[in-house]
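These notes are about the structure you will find just below.
Since every read-out is calculated from the coordinates, none of them should be taken as a lab result. If you're wondering where the values come from, they're calculated on a predicted model, not measured in any experiment. Please note: Cβ atoms are built from the backbone with ideal geometry, for glycine as well, and neighbour counts cover all protein chains shown.
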4 protein chains.
Amino acid sequence: MSKKQLNVGLIGYGFMGRTHSNAFLQAGRFFDLPYKVNLKAVCARNADRVKAFAENWGYESSETDWRKLIERADIDLIDIASPNDTHAEIAIAAAKAGKMVMCEKPLGRNADEARAMVAAVEAAKVPNTVWYNYRRVPAVTMLKNLLDDGRFGRIFHYRAKFLQDWTISQDLPQGGEGLWRFDVSVAGSGVTGDLLAHNIDTAMWLNGPIKEVSAVTETFIKERKHNLTGDVQPVGIDDASLFLCRFENGSLASFEATRYARGHKALYTLEINGEHCSAFWDLHDLHRIQYFDHRDEGIVRGWRNIHVSDGDQPYLKHWWVPGLQIGYEHTFTHQFADFVTAVGEGKTCAPTFREGMATDLVTDAVLKSAKTRQWEAVGQ
Amino acid sequence: MSKKQLNVGLIGYGFMGRTHSNAFLQAGRFFDLPYKVNLKAVCARNADRVKAFAENWGYESSETDWRKLIERADIDLIDIASPNDTHAEIAIAAAKAGKMVMCEKPLGRNADEARAMVAAVEAAKVPNTVWYNYRRVPAVTMLKNLLDDGRFGRIFHYRAKFLQDWTISQDLPQGGEGLWRFDVSVAGSGVTGDLLAHNIDTAMWLNGPIKEVSAVTETFIKERKHNLTGDVQPVGIDDASLFLCRFENGSLASFEATRYARGHKALYTLEINGEHCSAFWDLHDLHRIQYFDHRDEGIVRGWRNIHVSDGDQPYLKHWWVPGLQIGYEHTFTHQFADFVTAVGEGKTCAPTFREGMATDLVTDAVLKSAKTRQWEAVGQ
Amino acid sequence: MSKKQLNVGLIGYGFMGRTHSNAFLQAGRFFDLPYKVNLKAVCARNADRVKAFAENWGYESSETDWRKLIERADIDLIDIASPNDTHAEIAIAAAKAGKMVMCEKPLGRNADEARAMVAAVEAAKVPNTVWYNYRRVPAVTMLKNLLDDGRFGRIFHYRAKFLQDWTISQDLPQGGEGLWRFDVSVAGSGVTGDLLAHNIDTAMWLNGPIKEVSAVTETFIKERKHNLTGDVQPVGIDDASLFLCRFENGSLASFEATRYARGHKALYTLEINGEHCSAFWDLHDLHRIQYFDHRDEGIVRGWRNIHVSDGDQPYLKHWWVPGLQIGYEHTFTHQFADFVTAVGEGKTCAPTFREGMATDLVTDAVLKSAKTRQWEAVGQ
Amino acid sequence: MSKKQLNVGLIGYGFMGRTHSNAFLQAGRFFDLPYKVNLKAVCARNADRVKAFAENWGYESSETDWRKLIERADIDLIDIASPNDTHAEIAIAAAKAGKMVMCEKPLGRNADEARAMVAAVEAAKVPNTVWYNYRRVPAVTMLKNLLDDGRFGRIFHYRAKFLQDWTISQDLPQGGEGLWRFDVSVAGSGVTGDLLAHNIDTAMWLNGPIKEVSAVTETFIKERKHNLTGDVQPVGIDDASLFLCRFENGSLASFEATRYARGHKALYTLEINGEHCSAFWDLHDLHRIQYFDHRDEGIVRGWRNIHVSDGDQPYLKHWWVPGLQIGYEHTFTHQFADFVTAVGEGKTCAPTFREGMATDLVTDAVLKSAKTRQWEAVGQ
C-alpha cells in the first residue's frame, strides 16, 4: 500500500530555504509520516541560482515567479521562506488557491498584515503554520509538558533574551541582497521582529498571553554605507529592544533582544520561576535544560542539569541513543513532521497563523511603547 | 614602634554585626594596616544578648543606648549595622560627635534621609563609607580595573539581577524581631532597597550614572500573619522590582530583584557588553569571572572562565595560593582594610555616603516609576 | 556536465546502518562532492526488515547475502555496519573484489584480524577507512589543527574516558539479536573494543603512538540470563577497562571506559596538557571545547569556553550560522564527505585500515596487560 | 562560668602556619567550643621572623627551638606545620611529653616514620589528628554522609586527581628556604606525598581501604638550578604520579597528581559512581557538589548542581545565609573546631595518626609499584 503524496513548493532559497528543505528531506527518514513528501518545485527570482538550489536539494523543478508556483495544480503546500515583506501577499494568494501554507516568522511585518493572513487561511480552511521552530527543541517541548503537568504551581517570573553580536562593526554595510534584515521597509523592524519575536512566541506558548508592555529600543549605529551604492544612509532598524511586561497570569517578565551583546552568537535564553519549580534553557546548548524542584529533599536539592537525549523525552526516540545530541536543524524537521502528521489527522499544527498574529500584536505593542514611553496594552 | 589605635564601636548585632565584626578582626591579620584596630564596644538594646555577642567577638564592653556609645571619648569609629530606620539619626549624631562613620546599606530609607546624612558627614569632615561590600569581591574589583583600562570600548548593555526565593511561602510571617525587612516603615522598601540597591551601586561604579528608569514592582503575597500578634495584615513591601534604564554613557540596561525566583538563594548576577569585551559575574561562584575579548584570535575565541585566586588579582596576594578560593565574608574584610588604609592616608574610601546617596536616588526613581507607570529621571 | 556516480552497498541495518545511511544522503546536500552518491543496495539477513529499511532510506534494492552484494558489478563501495565478527571476512572479500571499503570500528575483533584486513585492502589498492567518527566532531578536528600548529609545546599529559551506565541492572539479559555487544565471541571484547577503542583512536591521532600500557578490567555482574533461552550464563565481556600508558612523545596518560558509571550516558571526554596550552572536550556537549593558553595575559587568563559553530572552524561553513549547533550524526556525514573527496583526489582518507589496526594493537595490549598484571608494550 | 583553657604551641610559620593560626582564631568565634583557645607560642628557627609572625597573629610568645616549646608546661597542644622531615621527631617528642598533637599532612615521609608516630601517640594516649583538611569542606562531608546513608548502593568506580601547573618552567629553581617541597630528602616524595596523599585520604574515608595499586611516576624536568648555589642538580622528586587501584569493596579507581597540567591551579577533583547514585566535587568550586540519583523520575533526571551553603548542610549553620559561600581556610577552622570538641568529649578526631599512616602505606605502595612496574599490595 503506497502512501499519499504531499507535493511541496518552496519560495526563497536563503538560509531558511535550506533549513526547510532539509526538514522536508529528513522528516520522512526519521518519522513515520502519513504522506510521502515530494520536493516538487522551488521558486526564486534568480533563474540560475534557483536551478542550482533545486539540483542540490533534489527539487524536481524551479520557478522564478511565485504566482506561477501557486497556480500549479501539482503543488499541495506552499512554503514561504522569502523576505518578510512578501509573506502577506504570497500567503493570501496561496490560501485563496487552496494550498496549505507554511510561513517563516514573523508572520507579517506587523499585526495588520498578520490579521489579513489569518483571515485568508481561515476563510480558505487550509492547514497553516508559522515556523517558530524553537518550540520543537526537545528540551523546550519537554518544558511545555512539565508546565502543562502543573508541576510549577503559580508562576511568578519569566525572562527571555536573544543576544547576538554580529552587527557591532561600523563597517558593516546595509541594503542589497542578503542584507534585507537591515531594511526596515522589508523586515518591518530590526531585532524586535527578527529575534524578540522568537522569545515572545515561546513565552506565550509556555506562560500564556501577555497583557501589557513597557519597552525601549535603540539604534546604536545611526548611519551605515549602502552595500551597493556606497551612500551613507540612516539606519532604520532597531539594534536592541527590551521590554518589561505582565502576563495575564500575573507573572512579571523581562525580555531583551540585541545584536550588540559582544561574545554572544545566537544566545536565546529563557527562564521561568514558579512556586515549586524553575527551569532554564538556552540555544547555545539546546540539548540541555536546567530544572529545579523545591520539593526535592532539602539536603540534596539543586538545579538538575538534564541532557535531553533519551528516548522518553520529546522527539528523541526518532533519533539516536542517550547521550548523543541533535542540533539546530532538527527543530525544523520536527515541525514539518508534526505539520504533516496533523494534516493527516485533520488537526491544526501549532503555531497556527492565528498564534503567529498574537506575537505580532506583542511586537507592535513593544514598538509603540518604545515611542510613547508609556505602558501599552497588547492589542487583539 | 607601635601603631596608632583605632577604636571601633559597633551598633547592631544581627547578621551584619557579625560580618563587620569578623572584618574588624581579620583585616589586621591579612593586611598591613596603619592602625591597630580595637573592638571597643558593641551596642544593642538587649543587654544580655549584647554581652554574649561582645564576649564571643572580643568586644571590650557593651552598651544598650547608641547615644551613650557616641558620647564615649574612647570610640573613634561608629559602625552602623542596625535596621534601616536608624541609619540617618545615628549617622548624623555620630558625625556631629566627630566620629568616623561606616554605615550598612542602603544609606537611608530614601534619598532625603541620605541627603541629610551626606550633609552631616561632609560638614563634620569625618571619614565615611557605606558597606556596599560586593565592590570588594576580587572578581568585581578586577572587572572595574579592566573597564578603567578602556579595554571594553563603548558600552552597549548592562544587566543585573538579584534573585532569591526565601519568601515564597504564604506561611512565612512578617513583623517582630529579625523580620524588620518585611516592615516597610523600618526598611523603606522591600527588595528595591535590600537587593536592587546592591546591583545599582555596583552598576554605577562600573558603568557610570543612570539617567532615567522605567520600573515595575509587585507584591505577590498580599497579606501575611504578624509574627507576634498573629493578625493578618497587608504586606507593605515590594517582593519583586524590575526596571529598564539608560545610563548617561548611552548604554541600555535591565535590572531585577526578587525573592520569588525559585531555586536561587542569593544570585546576584551582572553582565556588561562593550564594543570589544564582555564580562559576567555572579555571587554564587563569586571567585570566578567570565570574560570575552573579541580581539582574541577568531578560531580560539571564547568566554574565558577566570578563577580569580592569583596573587596578581585584586586582594588575593593577602590570602592563600592560586586555586584556593575565598568566600563571602572576605568582601567586608577588604572594605574595612581599604577604609582604614584610606584613613591613614587621609583619603576617602569609596563608596562614600555621597555615593550611597546616588544609589538611593535611583531606588527612589524606581519606586516612583513603578507608581506613575512613566519613565522617571533620576534626581540629583 | 554531470558528475561521476558512486554506488554504495551497505551491510547491516542496525544503529550504525542508520548513521551511515544518513551520511550518504546528507553529504551531497551540504558538501560539494566529486561524485553523485547513489544508495544502490542494503544487505542484511532478514528479508522483510531489510526491505523496509531500504524503502525508508531510499536504497534502490536489498540483498540478504553479503557475498551477492559484493559480487554485484553496480556496487563501487562496500560499507560494513554489521557485527564485529563479520568485519574481517567481508572486508577481505570486498577488497579482493576491488571494492572500496568503509568499515565500522573496531576494525577487527583483534589485531590479527585487523592485520589481515589491512593486507587485503593494501594488496588490492582500494580506498579504505574505519568509521572512527569522533575525529570529525568540528571541535576535535579543530583541536588536531591547534596541536599541529605547535601551539601546545611539549605534551605532558593526556586523559580520556568513555562513561556509560546502561548495563548496571542485573536484570539486563545477554545474547540474541541486538545484544551482540554482550557476546565476547562476536564483539571480541566488551567496553575495550566498543568504547575505549574510540578514545585510543582519537588519542593517537592527536598525540601520537602509545608505547606501553598497564591495564585492569572488570566484569561487575558475572552472570546474566540469556535473552532467548533464559539460561543463566557467565558474562564474557569486560564491563570496565582502565589503563595507564606512556606515549612515544614521553607524555603520561590514563584511559577508562565503563558501562557502570551512573549518571553518564555516553560521556566521552578527553583532555591534553601541554607546556603552553591545554584543551578539554566531551561528547555530551560536542560543539564546545575548553581551551587554555598560558601565554594569555596573566590577569585575564582562563579556560576559554569555545562554542565551535563559526564558519572558520572545521566543517561549520557547510552548515548554519554562528551559535547554531550541529549534532552527533554530522560526524558521519563529515567522514563520508571527506572519504568521497579523497577518492576523487586519489588520496587516502584517515583513519585508514592501517590506522584502525594500530588501535586494535593497543586494545590487544590492554587486554593482555589486564591478564598478565604487567606493563605490556604495544605490538607492531 | 568561665571555660577551660587550651594553650596552643605552633611549630612552623609557612603557608600552613597561617592556615592553622587562622583556624585557632576563628573556631571560637563561629563554633561553641568547650575550651577557650589561647595562642600561647609559635616556634621557628628565625627569631625575627617568628616574632613578627607572633605579633601579627596574636601569639603571646615565640620560640626558636621546638624542644623548648615542648618542654613548656603552659602548652597543651603542639601543632606541627614545619617541613615533612621534622614531623616524626617532633610528634614523638610531643607525645612523650604528654601533649596533644596536631600534624600537617603527610604524617611521615613514609609509612615507617608514620608507624613510629602512631606508636608514640597511642602509647601516650594523647589526642592526635592529621590536617587532611579537605574532609571538612562542607560538600565533602555531606558526600560522606550521603554515602553512610547507603544511598549509593554498591560502588563501582572512584576517580581522583590533583592537578597543578606551577612547576612547568625549566627556570624554576630548587632547594633552599620555601622550596623544600622540591627536596626529596625533606619532603619524602614529590606530588605523591604533597597532592596524591590528599586524594587518598579522602578516598579511603569515603570508599574504604585500598587493596592494591599499579602506578607510574615521572620527573619531566630532570635537572634544575639550586636556588642558593646556582648548581645544576638532578631533580629528586616525582612531578607526576598516577595509579590504578582496587578498593576492598571491589570498586576500580584511578588517581593522578601532577604539577604539569597546564591551566589547573589546585584542581583536586573526585568522583564516585555507585549503583544508584554518583557524585562529583572539585576544589576550584569547593562549595558545590554535583549529585546524580538514578531513582529520580526519568524524564527530569539529571546531575543536581548543589550550592552547599544552607544551614542544614554540614558546618554551614555556623557561617552565613544560603547562597553565600565560604572558602578554603574554613576547612581548617572546621577541623580545629571538631578536634577541640572531640577533646572536650573524650573522643578521637578523625583523621587520627593511625588514619594518616594508612595513607602513607598507600603512597609507599604507589612509589614502590612505580619502580617495580608491578601491582603492589598495600601494606599494613
Any idea which of D:Ala139, D:Val343, D:Phe292 is furthest toward the positive side of the dipole for chain D, if Lys and Arg beta-carbons carry +1 and Asp and Glu beta-carbons -1? D:Val343
Taking each residue of D:12-25 in turn, how many C-beta atoms of other protein chains fall within 10 Å of its C-beta, and what is the average? 1
Given the options C:Ser369, C:Ser309, C:Ser169, which has the most mean-square fluctuation in a GNM of chain C, springs set between C-alpha atoms less than 10 angstrom apart? C:Ser169
Where nothing but the Cβ of Lys and Arg (+1) and of Asp and Glu (-1) is charged, how large is the charge dipole of the protein assembly as shown around its Cα centre, in debye to the nearest 20? 0 debye
Give the distance, in whole Å, between the Cα centre of the range C:283-337 and the Cα centre of the range A:256-302. 22 Å
What relative contact order, as a whole-number percentage, does the range A:4-132 give when Cα pairs under 8 Å and 6 or more residues apart are counted? 23 percent
Copies compared at B:Asn249 - label distances in nm, ascending, label defined 7 Å from Cα in the Cβ direction: 3.8, 4.2, 5.3
Going by amide H atoms built from the backbone, whose H comes under 5 Å of the H on A:Gln174, apart from near neighbours? A:Lys225, A:His226, A:Asn227
Among DSSP beta bridges lying fully in the protein assembly as shown, give the percent that are antiparallel, nearest 5. 60 percent
Just want to confirm a number: the relative contact order over chain D, from Cα pairs under 8 angstrom separated by 6+ residues, in percent. 20 percent
DSSP loop trypsin sites (Lys or Arg not before Pro) in the range C:1-91 with at most 16 other Cβ atoms within 10 Å of their Cβ, which ones? C:Lys3, C:Arg45
Among A:Ala44, A:Leu25, A:Phe15, whose Cα projects farthest towards the positive end of the dipole of the range A:1-63, with charges put on the beta-carbon of Lys, Arg (+1) and Asp, Glu (-1)? A:Leu25
Calculate the all-directions average of the projected area of the range D:4-133's alpha-carbon convex hull, and give it in nm². 7.3 nm²
Working out 0.36 nm times the residue gap between D:Ser2 and D:Asp32, then minus their Cα-Cα distance, what length gain in nm do you get to one decimal? 9.5 nm
Rounded, prolate or oblate: which fits the range A:254-380, taking a ≥ b ≥ c as square roots of the Cα gyration tensor eigenvalues, rounded meaning a/c under 1.5, else prolate when a/b beats b/c? oblate
So if I place +1 on the C-beta of Lys and Arg and -1 on the C-beta of Asp and Glu, and nothing else carries charge, what would the dipole magnitude of chain C be about its Cα centre? I want it in debye, nearest 20. 300 debye
Row for the range A:134-377, column shape: gyration tensor on C-alpha, a ≥ b ≥ c, rounded if a/c < 1.5 i.e. under 1.5, prolate if a/b over b/c, else oblate; value prolate
Shape call for the protein assembly as shown from the C-alpha gyration tensor, a ≥ b ≥ c root eigenvalues: rounded (a/c under 1.5), prolate (a/b greater than b/c) or oblate? oblate
Could you give, in nm with one decimal, how far C:Lys347 is from each other copy of that position, shortest first, with labels 7 Å out from Cα toward Cβ? 5.0, 6.0, 6.9
Anything over 28 Å Cα to Cα? Flag those among B:Lys68/B:Lys317; C:Lys105/C:Lys125; B:Lys36/B:Lys265; A:Lys368/B:Lys371; D:Lys3/D:Lys347, in the order listed. B:Lys68/B:Lys317; B:Lys36/B:Lys265
Charged-residue dipole, Cβ positions (Lys, Arg, Asp, Glu), the range D:4-133 about Cα centre, Debye nearest 20: 160 debye
Inside 10 Å of the C-beta atoms of A:55-66, what's the mean count of C-beta atoms belonging to other chains? 1
GNM of chain D, Cα pairs under 10 angstrom: of D:Val186, D:Val232, D:Val343, the biggest fluctuation goes to D:Val232
Treating the point 7 Å from Cα along Cα-beta-carbon as the label, what are the nm separations from B:Gly208 to the other copies, to one decimal? 4.3, 5.4, 6.6
Other chains near D:314-323: what is the mean number of their Cβ atoms within 10 Å of each residue's Cβ? 4
Sites excluded, GluC sites (Glu not before Pro) in DSSP loops with at most 14 other C-beta within 10 Å, longest stretch of chain D: D:61-176
Return the sequence-ordered ³J(HN,Hα) values of the range B:72-83 in whole Hz as given by the Karplus equation 6.51 cos²θ - 1.76 cosθ + 1.60 applied to θ = phi - 60°, using x for Gly and Pro. 5, 6, 8, 10, 9, 10, 9, 10, 9, 10, 9, x
Filter the trypsin sites (Lys or Arg not before Pro) in the range A:183-287 down to the DSSP loop ones having no more than 14 other Cβ atoms within 10 Å, then list what survives. A:Lys222
Could you compute the FRET efficiency for A:Lys51 and D:Glu297, with r as their C-beta to C-beta distance and R0 at 60 Å, rounded to 0.05? 0.70
If amide H atoms are built 1.01 Å from N in the plane of the peptide, which residues on other chains or at least 5 residues away come under 5 Å of the amide H of D:Trp131? D:Cys103, D:Glu104, D:Lys105
Considering chain C as a Gaussian network with a 10 Å cut-off on Cα pairs, which listed residue, C:Val118, C:Val321, C:Val216, attains the greatest mean-square fluctuation? C:Val321
Measuring from centroid to centroid over Cα atoms, what is the spacing of the range D:78-146 and the range C:124-188 in Å? 45 Å
